[in-house]
């Protein structure tokens, strides 16, 4: 097991690792739509979804993988009413690639965010 870190991966704000590699598989911790540089949260579900997926893409790239190698995504949203907008942005990021996925409406998320996502990917 290896903890993946680099100066380009936003540091964890709690007692967890952003990414762990094990047996050619990457486990990416839940990513919130908090901009790592400004600590700002964009307004609206589309902007928040885009930022979350960009952060996941960055972590995957830093770990030697990519969005095309994502096996599973778990997406937590604050309200099921946001589902269509999330799916639209998600489709733009993944294109023809369709990882297995779970979307869970969870109510209130940390910092008032509308979305959080985690994934498992192959290297």
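Using Cα atoms only, what is the angle between the long axis of helix 45-62 and the major principal axis of the chain, expressed in degrees (0 to 90) to the nearest 10?
Between the helix axis and the principal axis of the chain, the angle is about 0 degrees.
Once the Cβ-Cβ distance between residue 15 and residue 110 is put in as r, and R0 is 22 Å, what FRET efficiency do you end up with, to the nearest 0.05?
E between residue 15 and residue 110, to the nearest 0.05, is 0.95.
Select from 50, 39, 108 the residue whose mean-square fluctuation is largest in a Gaussian network model of the chain (Cα-Cα springs shorter than 10 Å).
39
Mind checking the angle between helix 83-94 and the chain's longest principal axis? C-alpha axes, 0 to 90 degrees, to the nearest 10.
30
Largest first, please: the extent of the C-alpha atoms of the stretch 1-89 along each principal axis, to the nearest Å.
38, 29, 21
In the chain, what % of DSSP beta bridges are antiparallel (nearest 5)? Can you show the working numbers first?
On the way: 18 of 24 bridges.
Given both bridge residues lie in the chain, the antiparallel proportion sits at roughly 75 percent.
Taking only C-alpha pairs under 8 Å that are 6+ residues apart, what is the relative contact order of the chain in percent?
33
Per the helix-only calculation at 222 nm, which mean residue ellipticity applies to the chain, given -39500 (n - 2.57) for every DSSP H run of n ≥ 4 and division by its residues, nearest 500 deg cm²/dmol?
Result for the chain: -8000 deg cm²/dmol, rounded to the nearest 500.
The numbers here are math on the coordinates, done by the rules we state, and not lab data. On a predicted model such as this, the values are computed, not experimentally measured, just so you know. Note that each Cβ is placed from the backbone with ideal geometry, even for glycine, and that neighbours are counted across all protein chains shown.
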